[in-house]
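Below is one structure, written out as structure tokens, with a few remarks after it.
The values are calculated or read from the model by the stated rules, or taken from the named source; none is laboratory data. Everything numeric here is computed off the predicted structure, so don't read it as measured data. Backbone-built Cβ (ideal geometry, glycine too); neighbour counts: all protein chains shown. In case anyone asks, the SASA skips ligands and DNA or RNA and just uses the protein heavy atoms, side chains included. Shrake-Rupley method; radii C 1.70, N 1.55, O 1.52, S 1.80 Å.
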Amino acid sequence: MRTTQLIGGLASAVLLVAAPAAGVVTKQNSNQSATAPTERAGAGTQKSGADGIRTVTRTTARDEDVVGALKNITRGTAWKKTGTLDLAFETFHPQGLEVTEDRIYLSSVEILEPTVRYPSPIEGYDRSPGKGIGHLFVLDRQGNLLKDIVLGEGNSYHPGGIDVDDEKVWVPVAEYRPNSHAIIYSIDRDSLAVTKEFEEDDHVGGIVHDRASNKLVGNTWGSRRFFEWTTKGREVDRWLNPDHMLDYQDCEYAGEGHAICSGVTGLPAQPGAVTGYELGGLALVSLKTGQLEHEVPVQLWSTAGHVITRNPVDLDAVGSHVTLFAAPDDGEEIAGTQLFTYEADVTPLK
């Protein structure tokens, strides 16, 4: 039996941290460089507005609960906002979030130089590489920053969605452009030691450790393709994503050979509207067949006006009770990065 840290004082949790689209510029620090992985000690404080954090015991039934609950979430699900936690350190452009029994892991990219689109492709690339720094922030249960682990090499500085198993945190760090290159790292949960596991000649924007098969599944830019590898990087399979409604920003293991994916699609403004629309949603994907088993739009919004599935999601459930934590906003936006807590009860679809 394991215990899991929850935010907002809830009995079950979905943890969702969202990140913006490519090309967002965040605060610069010219003294940092995206080189070999390093660790930096950090300190942070929990701002007002949180309901507190407590520990909840989970049983092995959790995976079944998550898969079953997600299948019953609909457009009509009544979500109730039950908490807000402000993060009091520079979060930059958050990408992935996972909560364990004693820590919170948040991946993020710090943009030093934004990418620039080429008039026509150059050597197969549609834009310049840009410059940046990849971060894996390690927090305690109160949201205090314990470690800032810098990840990446050369042009690969963009961490994606992350997954956590009993021993490791899995983090892909890719170039900030499609059809490029990525490095897959694992971080030991006890020592925080970083291991460069393997590299992939494509952008990998998220990764899931399938505990049922002990394989890794990663998604490309916009989640148009999926790869399946051994944990040491030997490719086993690849397939096209049958889902064209959402670009998955983050996927996490959900048990029973499934992944929960969250995402967003930027739609153009309708006639007469000033700005476009962020269509957000959740999807349940079978890692066995590669097929979409359930999908639902999400219509919840952040302080800065973003849909809360703008980037990473971590979903949890106890029975039919679902909790959602979301952090859709960047550190430089109006209220900084906030972790929002939502709860809902779902009933079987008929």
Peptide ranges 328-337, 146-155, 225-234 listed from the most packed, as the mean C-beta count within 10 angstrom indicates: 328-337, 146-155, 225-234
Which of rounded, prolate, oblate describes region 81-148, given a ≥ b ≥ c as roots of the alpha-carbon gyration tensor eigenvalues and a/c under 1.5 marking rounded, otherwise prolate only if a/b is larger than b/c? prolate
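Please calculate how many Å² of accessible area region 273-350 carries per residue, with a 1.4 Å probe and no DNA, RNA or ligand atoms counted.
Details: 2990 Å² over 78 residues.
Solvent-accessible surface per residue comes out at 38 Å².
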I'd like the accessible area for residue 277: 1.4 Å probe, protein heavy atoms, all chains in place, Å² to the nearest 10. 90 Å²
Debye calculation, C-alpha points only, no solvent: report log10 I(q)/I(0) for region 71-187 at q = 0.12, 0.16 Å⁻¹, in the same order as the q values. -0.54, -0.83
Average the reciprocal distances over every distinct pair of alpha-carbons in region 129-215, invert the result, and give the Kirkwood radius in Å. 13.4 Å
Dividing the convex hull volume of the Cα atoms of region 234-312 by its residue count, what figure in Å³ per residue is obtained? 119 Å³
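From the square roots a ≥ b ≥ c of the eigenvalues of the alpha-carbon gyration tensor of region 200-350, which class results: rounded (a/c under 1.5), prolate (a/b over b/c), or oblate?
Values: a/c = 1.73, a/b = 1.38, b/c = 1.26.
In terms of gyration-tensor shape, prolate.
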With the full set of protein chains in place, find how many percent of the accessible area of region 180-242 is carbon and sulfur; take the probe as 1.4 Å. 45 percent
Among the listed pairs 71/196; 168/232; 71/232, those beyond 24 Å (Cα-Cα): 71/196; 71/232
Could you name the aspartates and glutamates in cross-link range of residue 215, using Cα to Cα under 14 Å and dropping any fewer than eight places away on the same chain? 163, 165, 197, 228, 235, 237, 252, 256
Once you keep just the Cα pairs under 8 angstrom separated by 6 or more residues, what percentage relative contact order results for region 240-350? 19 percent
